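The values are calculated or read from the model by the stated rules, or taken from the named source; none is laboratory data. The structure presented is a predicted model; accordingly, all values stated were derived computationally and were not measured. Here the Cβ is made from the backbone with ideal geometry for all residues, glycine too, and neighbour counts use every protein chain on show. Ligands, DNA and RNA are excluded from the accessible area calculation, which covers all protein heavy atoms including side chains. Shrake-Rupley method; radii C 1.70, N 1.55, O 1.52, S 1.80 Å.
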Amino acid sequence: MNSTHWGTPGALVLALACGLPVQAQPAASVGGSIKQGFEAAWARQPEYRGAGLRRDAATASEAAAQRWTPEPPALELTAKGDRLTSNTGAREYEAKVAVPIWLPGEKSRSLAAAHADSGAVEARLFAAQWRLAAEVREAYWTYGKASLDRSLAQQRLSGSQQLAADVARRVGAGDLARSDSHQAEAAVAAAEGAVAESDAALAQAAQRWTALTGVAPLAVEQLASEARPADPPADASHPVLQDLVARADVARRQAELAAAQTRANPELMLGVTRERSDANERYAQVLSVAVRIPLGRLSRSDARIAAAGAEQTEAEAQLLVEQARIGAEARAASERVKALALAVEAAERRSRLAGESRGFFEKSFRLGETDLPTRLRIEQEAADAQRQAARSRIDLAAAVSQWRQALGLLPQ
């Protein structure tokens, strides 16, 4: 999917405030988009670092289930003689190989359980990525909003300082009263306080982004809005639902395997015996074949079946709950995007009207037809309208990210 890339925060603020069309920019360095920040954050996660070993373990389980025997064969060597007693030369040497045998249905169910475990590993990693994506998206837009507020606050301070300088000049010329200079300076002080607050918020947001992604905030050179999902995916593709389905499948396969492993594995024993009764006899060689069949039922199999059944029941019940929750969140996120799109239009219209009114009153103030309190009030209204229009566009972009998150889509 395509994403819209904005320039540096200052350029973004100017475009948002003035209602200019946003031009596409080249991709930023690492950390410049949600996808890049997500990839940097995922590379730092424990799940990512252990993913290879988990896949190796699943592969090893599948290979073990495909072997000819459930366990490796065992070799038994025995030597007997009367050397320490009568020492007549009686000797007996025996070699046996015990080969475990699969129980009925055990091999196929072991292989099915191994396949289920392999799928569960991928589903678990997918769900972990989705949960991390939520943190990255929130941190990204929090930093974007803080950067925007800082730029707007600085613009407001610059405007207040220019107005205060103009008022001071006119006070010196006798056109305005000294009280007007105090009001203008008070507006500058208020703007300076807003800049200080925005600096603190920006530093906190930058620290959170860096702690999550390992990318310095200065590397965030662009804000990239995610594309709206054209065709929302099916609920079954949601990472949380895939994880729960995989968990239920693993539990079901484990229960089936435990039902087949109700007793110890029988063993086929092949042996060769060489013996003689005294030193004057030649060795006689005997071949033997035996089967060892364990009797009785393993008590731990019942516990395994019950535990697996409980896990399956819990996963299936949780699946129903999550399906309803995810559907509701996706619908709510979609409606929020629609509402914020209308809010953007209203905020832009208000900002345009406030900007035009500011131009009118600025001209009348220079001509002496408008007093300073009115001029300050109009300036504040225009600044608030400008900030609301810019924030509404950021809020809309963040809402699109939340919508994609609710649908289970990773950053693209």
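Quick notes
- Whole-number accessible area per residue in Å² for the stretch 54-196, which is evaluated in the context of all protein chains at 1.4 Å: 53
- For VAL188, the solvent-accessible surface computed with a 1.4 Å probe is close to 10 Å², ligands and nucleic acids excluded.
- Per-selection metrics, the stretch 231-314 (Cα): Rg and Dmax in Å: 25.7, 92
- Candidates ALA251, ALA259, ALA74: whichever shows maximal mean-square fluctuation once the chain is modelled as a Gaussian network with Cα springs under 10 Å: ALA74
- Extending 7 Å from the Cα toward the beta-carbon at both ARG263 and GLU62 defines two label points whose distance is 3.3 nm.
- Principal-axis tilt of helix 46-65 within the chain, Cα atoms, nearest 10 degrees: 30
- For the chain, modelled as a GNM whose springs connect Cα atoms under 10 angstrom apart, the maximal fluctuation among ALA189, ALA290, ALA347 occurs at ALA290.
- Taking only Cα atoms of the chain, radius of gyration then Dmax in Å: 37.7, 141
- Hydrodynamic estimate: the Kirkwood radius of the stretch 357-412 over Cα pairs, inserted into Stokes-Einstein at 10 °C and 1.306 mPa s, corresponds to D of 115 µm²/s.
- Spatial separation of Cα centroids for the stretch 109-155 and the stretch 308-323, in angstrom: 23
- Where labels lie 7 Å past Cα in the beta-carbon direction, separation of ALA328 and GLU71 in nm: 5.1
- Taking 0.36 nm per residue of separation and subtracting the Cα-Cα distance, full extension of the segment from LYS338 to LEU353 would add 3.1 nm.
- Rounded to the nearest Hz, the phi-derived 3J(HN,Hα) couplings of the stretch 180-186 under the Karplus curve 6.51 cos²θ - 1.76 cosθ + 1.60 (θ = phi - 60°) are 5, 5, 4, 5, 5, 5, 5, where x marks glycine and proline.
- 37 °C / 0.692 mPa s Stokes-Einstein diffusion coefficient of the stretch 45-108, Kirkwood radius on C-alpha pairs, µm²/s: 202
- Counting Cα-Cα pairs of the stretch 128-181 in 10 Å increments starting at 0 gives whole-percent bin shares of 22, 23, 17, 15, 12, 8, 3.
- Taking ALA79, ALA95, ALA317 as the candidate residues, the one with maximal mean-square fluctuation in a Gaussian network model of the chain, Cα springs under 10 Å, is ALA79.
- Subtracting the Cα-Cα distance of ARG366 and SER237 from 0.36 nm times their residue separation leaves 40.1 nm of extension gain.
- Over the stretch 63-213, the hull volume per residue, using the convex hull of the C-alpha atoms, is 200 Å³.
- Backbone amide hydrogens, once placed in the peptide plane, bring LEU176 within less than 5 Å of VAL171, excluding anything fewer than 5 places away on its chain.
- Each of ALA173 and LYS96 was given a label point 7 Å from its Cα along the Cα-to-Cβ line. The distance between the two points is 11.6 nm.
- Distance from the stretch 260-283 to the stretch 381-411 (C-alpha centre basis), Å: 78
- Kirkwood estimate for the stretch 153-269, i.e. one over the average of 1/r between Cα atoms, Å: 21.8
- Accessible area in the full protein assembly, largest first, 1.4 Å probe, for GLU138, GLU311: GLU138, GLU311
- For the pair ARG55 and ALA290, the difference between a 0.36 nm per residue extended length and the Cα-Cα distance amounts to 80.7 nm.
- Under 29 Å between alpha carbons - lysine pairs in the chain that sit 8 or more apart or on different chains: 5
- The mean accessible area for residues of the stretch 217-349, using a 1.4 Å probe and ignoring ligands and nucleic acids, is 59 Å² per residue.
- The chain, accessible surface, carbon-and-sulfur percent (1.4 angstrom probe): 55
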